[in-house]
Structure formats: C-alpha cells, structure tokens
1. Could you state the orientation-averaged shadow area of the convex hull built on the Cα atoms of region 3-154, in nm² to one decimal?
2. Run the simple label-point estimate for residue 180 and residue 35 please: 7 Å along Cα→C-beta, distance reported in nm.
3. For each pair in 76/180; 48/128; 48/150; 75/179; 142/180, compute the distance between the two Cα atoms and list the pairs where it is over 30 Å.
4. How about region 91-160: which GluC sites (Glu not before Pro) there are in a DSSP loop, with at most 16 other Cβ atoms within 10 Å of their Cβ?
5. Place the peptides 50-62, 84-96 in order of packing, highest mean first, counting for every residue the other Cβ atoms within 10 Å and averaging per peptide.
6. With charges set only on the Cβ (+1 for Lys and Arg, -1 for Asp and Glu), what does the dipole of region 3-154 come to about its Cα centre, in debye to the nearest 20?
7. Among 108, 154, 40, which comes first, then next, by fewest other beta-carbon atoms within 10 Å?
8. Which FRET efficiency value, to the nearest 0.05, is calculated for residue 22 and residue 165 with the Förster distance at 30 angstrom and r the Cβ-Cβ distance?
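Read-outs: derived from the displayed coordinates by stated rules, not from any lab. Computed from a predicted structure; not experimentally measured. Here the Cβ positions follow ideal geometry from the backbone for every residue, glycine too, while neighbour counts run over all protein chains shown.
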Amino acid sequence: MNKNITRRKKLLQIATSLSYIDPDDIPEIDLYMDQLTTFMEDKLNANKRSDDDKTMTKTMINNYTKNNLLPPPDKKRYSKDHLIMLLYIYYLKNFVSITDIQTLLAPMNNNDCYSGESPVNIEEVYRKLFNYEIDNYNDIIKSILSTYDKASDMYDPETDAYLHDMCMVSMLSVDVYVKKKCIEHLIDDMHSVQEQTLKKNEQKIKNTEKAKAAEKAGIVTVMLYYVVSGDTEEQLTDRFHAISQESDENRNIAPEEEKLSETDMIHDVIDGTDGRHG
C-alpha cells in the first residue's frame, strides 16, 4: 500500500477514535472517589498518548478542589455536576491555563459572580455542546485531512516525510494558536465581568447591612426616649411593633428570628439605662 495513503489513514484513525462521554452515560447516582476515577479511566482510556498516562487521579481531583475549580464533594461523594465539571477540566487543561479554567468555571461554582439571565445548568450546557460536536465532528476531520493534503502539495510525504510533517504541524499550530488567542480574550472578558459582578453583590450586602444598622440605631434612639419616660416592658414591646411595622416588609428575617431580635433589642435598651426602668 502507498505509504502516503497509510499515513493519511492513520491520522484519520486517530481523529475518529477519540473518546467522549455521552451525557446519558454519566451516572445519575453520586460516586465515591475510586468509582469516579475508574469511570473516567474506562470512558477516556482511548485518549491516552501513552499507556503510562493517567486520565484522572485522586491527587488531581483534590488539587482541583483546593484551587476552586471544583466544588468539594458532599460526604465524600461526587455528583453528576462534579463529573461534568471534571470533563471540562480534562479537555481544557490541554491548552488553557488552570487560572483561565478557574475563571471559565467560576459561575458554575459561585452564583455571586454570574450576571446572566438564564440559570446555570451544567448538564444542559454539556449536553448542548456534546450534540454540537457530534453534528460537526466530520467537518473537523475534513479540515485535518485537507491540511495533510496541503502539506503534501508542499513536500512529498514519502520522500520528504520530515518536511511534510513539519509543514502540517505548523499549519495545524497556526489554527490552534489563533483559536487559543480568541479563547484567552473571551476568558479575560469573563474575568472582568465576574469581578464587577462580585463587587456589585458585595456592595449590595454592605448597603443592606448599613441600612439595617441605621434602622436599628433609629429604633433604639426612639425606644430610649420611652424608657426614660417610664414605659413598662409591655408598653415598650407594643411601641417597638408600631415603630418597626413599616420596615418589616423590607427585612428578610424569619418570624422566629424577628421575635428574638425584638426581645433582645428591648432588653438592650432597658439594660442601657443602668436599671433606671424597673
């Protein structure tokens, strides 16, 4: 058989033999660490460059958790969402930095840095991307074979194998490089938006706390007046309800917590008058 045809078929074989995990094959039940690594090893074994390569190890997974790429397991068990996020990390780490992966996956770990309208559904996103790859994978393979043929026009793959492969690697690398720069730009934009969103959410929390503190201070001031005036504790409680009634709707406090805070505040006011009120 012609050596050129054999090498071309080998590239085709590599491109078509890569393993991907169908969303429907991901277990619905939570997995322990050993079960998780075994699942990944079984499903993605064909992607190894050499037999010594490890698909996913316990150390890798623990490091991803420490670096906030992956949420911690629940009672040592990993959910379907955990597994999908590990798949993202598995593919992305080949050409994207860990810091960039952290940015890319941040909204899946922390809603406080997400500003979109649609809810973040990890499984839904993965399913859509998986279906896209299935529908368009033939185009990727055609592009690789086209690059091979263009390199063959430059150098004979049989008599000048090194120069042929050097040109092909270079052409594929240009494609990867351009796409990588686009990826980095998109992730940089994501990082900026996430920082702004986090700052806005932090400011909202601070403003809410300030409003609550100001509200409490105002109520305490008024209540002090009535303590000095000689109101009984029962009268103070009634006055407290009347004063705070308008603000109750704006405060997200459970009824039990509300009742406790009222009692504590009234006693704080009474205690603050050095026992003047009996």
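1. One quarter of the hull surface, i.e. the mean projection, equals 11.5 nm².
2. 3.8 nm
3. Flagged as over cut-off: 76/180; 75/179.
4. Taking region 91-160 and a limit of 16 other Cβ atoms within 10 Å, the loop GluC sites (Glu not before Pro) found are 117, 158.
5. 84-96, 50-62
6. Dipole about the Cα centre, nearest 20: 780 debye.
7. Least to most surrounded, the residues fall as 154, 108, 40.
8. Approximately 0.35, to the nearest 0.05.
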